[in-house]
Amino acid sequence: MHPQAAEAATHPRKPWVLRSTDTMNHIEQHSLIGDMQTGAHVGDDSSLDWLCLPRFDSAAVFTALPGTQKHGTGRIAPTSDAAVASPTTAAERRYRGDSLVLEPVWRTLRDTARVTGFMPPRDGMVRVIRTVEDVAGEVPMTSAPRSRPGVSTILARV
């Protein structure tokens, strides 16, 4: 039996689970941002884990949702030396008002940072906007975009 199939068999209620829970976000751990023509799934660790460009039915450039981070992800999170309560999960996530503007918040013992992410309506170009704001103090952050166009078959340089 294939190792992924064996692991999926141990998760009968979630057959889409094909990797260890140590390295994955389940679908219920994702929020959606979009521009009405495509959308991106953002994990509770603030990683961009699924994005098809330029439309919903196009090839994916980030495909970590059904795979692993090696399949393409765009993560913005505190650096490993930041003393966050949970280095893999934002302290809170919320949408701003009635919009698809997503705001994960990271907290350390004394400081707080917010990562705002959204996709504005198109003016001819697809854009994913993500900004980092120190809300209180300074939280050292890192950005690690790794796109894999062609459903993980091509390694793109960013």
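The values are calculated or read from the model by the stated rules, or taken from the named source; none is laboratory data. This is a predicted model, so every value here is computed, not measured. Every residue, glycine as well, gets a Cβ built from its backbone with ideal geometry; the counts of neighbours run over all protein chains shown. Accessible surface is based on the protein model in full, side chains and every heavy atom, while ligands, DNA and RNA are left aside. Shrake-Rupley method; radii C 1.70, N 1.55, O 1.52, S 1.80 Å.
Worth pointing out:
- Qualifying residues in the range 51-91 (those that are open to solvent by 60 Å² or more (accessible area, probe 1.4 Å) and modelled with pLDDT of 80 or more) - the one farthest from ARG130 (Cα to Cα): ASP57
- Taking the range 86-130 as the range and being farther than 13 Å from ILE76 by Cβ and of a type in the set (Phe, Trp, Tyr) as the test, the residues that pass are TYR95, PHE118.
- Counting only residues that are closer than 15 Å to GLY72 by Cα and modelled with pLDDT under 90, the range 1-47 holds 8 of them.
- Consider the range 98-154 and keep the residues that are open to solvent by less than 40 Å² (accessible area, probe 1.4 Å), assigned to a strand (DSSP E or B) and among the hydroxyl-bearing types (Ser, Thr, Tyr). The one that is nearest to THR63 (Cα to Cα) is THR116.
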